[in-house]
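The structure appears right after this line, and notes come after that.
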Amino acid sequence: MRWDNLTDGPRGPERAGALFGAASVVTRTFDTPEFRGITFHEVRARSVLNRVPGASRMPFEWTVNPYRGCSHACVYCFARKTHGYLDLDTGIGFDSQIVVKTNAPELLRRELASSRWAGAHIAMGTNVDCYQRAEGRYRLMPGIIEALLERANPFSILTKGTLILRDLPLLRRAAAVADVGISVSVGFTDTGLWRTVEPGTPSPAARLAAVRSLTDAGIECGVLMAPVIPFLGDSPAQLRATVRTVAESGATSVTPLVLHLRPGAREWFAAWLAAHHPHLVERYERMYAGGSYAPTWYQRQITRQVHELAAEFGIGPSRRGAARRIPVPERPAGSAPAEPVQLSLL
Ligand code: SF4
């Protein structure tokens with residue numbers, strides 16, 4: 001049971017077996033259409049800055065994750081396994097049992113103020129999506145970005161959530177004083193595939209519209225073309241359509257990533273595949289016979305195709321550099337806030 005590491009509530013025997021009865025965990029449901037069927041477990045975390053284990057292949061060392069579990073419910077989500085660490089179900093439970101670190105902004109402010117903190121880059125959205133639907137209610141990200149902004153601390157956000165546009169004025173202010181990198185994840189633009197494999201996410205078109213809004217606001221925004229799903233989203237026509245629409249969104253880069261299926265995600269995806277595309281089960285068993293990753297030759301082939309398409313449609317280094325550290329004047333106290341941004345959650 002890892003909840004003892006997550007919360008600042010009582011530890012030891014008095015918490016044994018008290019997953020949902022613990023004093024520091026408040027469980028809530030909301031009877032509104034966007035939250036129907038979702039249970040929120042509000043916790044007061046003991047720390048919010050996480051150091052990525054040294055052996056990780058990730059290109060960053062520090063992360064902040066205000067949520068555990070993700071209502072975006074992507075069938076292939078690699079973070080499913082982490083829900084098991086909390087004794088929660090990695091299938092439907094990952095989609096519907098959301099842990100909320102309600103004190104994340106105040107904790108981050110305190111941890112960034114520590115004399116031991118050297119101002120390293122912080123990555124967000126690397127475990128679960130920090131702009132999933134819960135963020136519309138809990139509004140943790142504005143406080144988190146404010147804390148980073150106050151320290152001019154560099155950070156990056158990876159998301160599928162168009163809710164990020166709510167925080168556009170804050171992001172612009174942060175980008176004026178620190179390196180801010182935003183990436184939106186769009187693996188394909190096929191709406192039929194989207195509805196079944198990423199059922200809780202904003203549509204690919206809505207995500208790419210968000211990329212357009214971010215880049216129009218002067219914030220450099222790349223697209224992580226992930227995942228490219230073998231046999232379902234990898235035909236030359238599909239890759240072409242996706243890269244073309246990514247280019248039209250104004251994205252500054254496109255980075256392909258082929259579907260990987262680690263334990264936790266693998267079983268859930270296999271069940272989905274058997275239900276929706278049973279004729280592909282054997283091909284997948286062969287494709288992922290070596291483990292969690294597709295064969296290297298396949299990954300290279302997809303990467304080469306996407307890079308060629310990106311060059312054809314003009315995505316690349318020439319688009320970079322226009323947005324970092326943009327000059328944004330401070331808003332005088334008492335003046336009107338920036339114009340509200342239209343949101344499209346789903
Ligand atoms: S949006 Fe990201 S974190 Fe959320 S379910 Fe999908 S892949 Fe997982």
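FYI, it's all coordinate maths here, none of it is from the lab. Quick caveat: nothing in here was measured; it's all calculated off a predicted structure. Please note: Cβ atoms are built from the backbone with ideal geometry, for glycine as well, and neighbour counts cover all protein chains shown.
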(request) Work through the residues other than Leu214 whose Cβ is under 10 Å from its Cβ and net out their charges, Lys, Arg +1 and Asp, Glu -1. (result) 0
(request) Step through the residues of segment 230-240 one at a time and calculate ³J(HN,Hα) from phi using the Karplus curve (6.51 cos²θ - 1.76 cosθ + 1.60, θ = phi - 60°), rounding each to whole Hz and writing x for Gly and Pro. (result) x, 6, 10, x, 10, 5, x, 5, 5, 4, 5
(request) Could you run the Karplus curve 6.51 cos²θ - 1.76 cosθ + 1.60 with θ = phi - 60° over segment 143-148 and give me ³J(HN,Hα) per residue in whole Hz, x for Gly and Pro? (result) x, 5, 5, 4, 4, 5
(request) When a/c is below 1.5 the answer is rounded, else prolate if a/b is larger than b/c, else oblate, so apply that to segment 35-129 with a ≥ b ≥ c taken from the square roots of the Cα gyration tensor eigenvalues. (result) oblate
(message) Order these by the 10 Å Cβ neighbour count, fewest first: Trp297, Trp117, Trp268.
(response) Trp297, Trp117, Trp268
(message) For Trp62, what residues show an amide H to amide H distance below 5 Å, using hydrogens built from the backbone and excluding near sequence neighbours?
(response) Val52, Ala123
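Relative contact order, percent, of segment 51-96 when contacts are C-alpha pairs under 8 Å separated by at least 6 residues?
32
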(request) Kindly write out, for segment 264-281 in residue order, the coupling ³J(HN,Hα) from the Karplus curve 6.51 cos²θ - 1.76 cosθ + 1.60 (θ = phi - 60°), rounded to whole Hz, with x marking Gly and Pro. (result) x, 7, 4, 5, 5, 5, 4, 5, 5, 4, 5, 7, 9, 9, x, 5, 9, 4
